[in-house]
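Below: one structure, written as structure tokens.
The values are calculated or read from the model by the stated rules, or taken from the named source; none is laboratory data. Everything numeric here is computed off the predicted structure, so don't read it as measured data. For neighbour counting, all protein chains shown are included, and Cβ atoms are generated from backbone atoms with ideal geometry for every residue, glycine included.
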Amino acid sequence: MINNFKEEVDHLIPLVSILVVIVEVEIIFQISKGFFKEEKRKTKKKKAAMEALLARNSVSKEQSRLLEESFRQNHTLNPKQKEALATQLKLRARQVEVWFQNRRARSKLKQTEMECEYLKRWFDSLTVQNRRLQREVEELRAMKVGPPHSSHPLPASTLTMCPRCECVTSTSDKPRPTRTLQSPQPSAAC
């Protein structure tokens, strides 16, 4: 009987480890969710300001195409490259510099949105896995704790466990506490 109990406990250890990882992912997800909401709000303001600025200093489609080509080759420009590109496009060096800054910001935002979406899908997947593992743990607990003279396990929904002493009791007519080997002393709640 002790060997069976030890095997069940050994089986539960990886499940607990997975639950810890899921909690950590959920914390990261919640933090990032707040961050991305704030970033979206800031981005909308910047976009409105940028549209107003572009109305004054807009670049043509051909200039935009050449700027995009340059951006694909190199995300940052040294001063000589910036001057050469500005001369080629008949723009001021500051316009080229600002265009590259804005393009890097848009690129970073897109990357962040993609990572957020990936984390959301991963979180959803882990949540489903967590629920499945919780059901499995409850089934294992139901098999481990049963009436002394019965070969049928109790359903998981009829069990309660004291978090302090891990005393497991059934919610049937007669409570039958069964203590684990770890803590022989019941808590005041039992």
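The residues on offer are Leu66, Leu85, Leu91, and the sole one that is among the aliphatic types (A, V, I, L, M) and outside any helix (DSSP H, G or I) is Leu91. Within this structure, Arg176 passes the test of being at pLDDT below 55, surrounded by 12 or more Cβ atoms within 10 Å (Cβ to Cβ), out of contact with any helix residue (DSSP H, G or I) (no Cβ under 8 Å at 6 or more places or on another chain) and not in a helix (DSSP H, G or I).
Yes or no: Leu140 surrounded by 16 or more Cβ atoms within 10 Å (Cβ to Cβ), under 33 Å from the mean Cα position of the chain (by Cα), of a type outside the set (Asp, Glu) and more than 23 Å from Glu26 (Cβ to Cβ)? Against the criterion (surrounded by 16 or more Cβ atoms within 10 Å (Cβ to Cβ), under 33 Å from the mean Cα position of the chain (by Cα), of a type outside the set (Asp, Glu) and more than 23 Å from Glu26 (Cβ to Cβ)), Leu140 qualifies. Reported count of residues in segment 92-111, each being touching a helix residue (DSSP H, G or I) at 6+ places or on another chain (Cβ under 7 Å), within 27 Å of Lys33 (Cα to Cα) and not hydrophobic (A, V, I, L, M, F, W, C), is 2.
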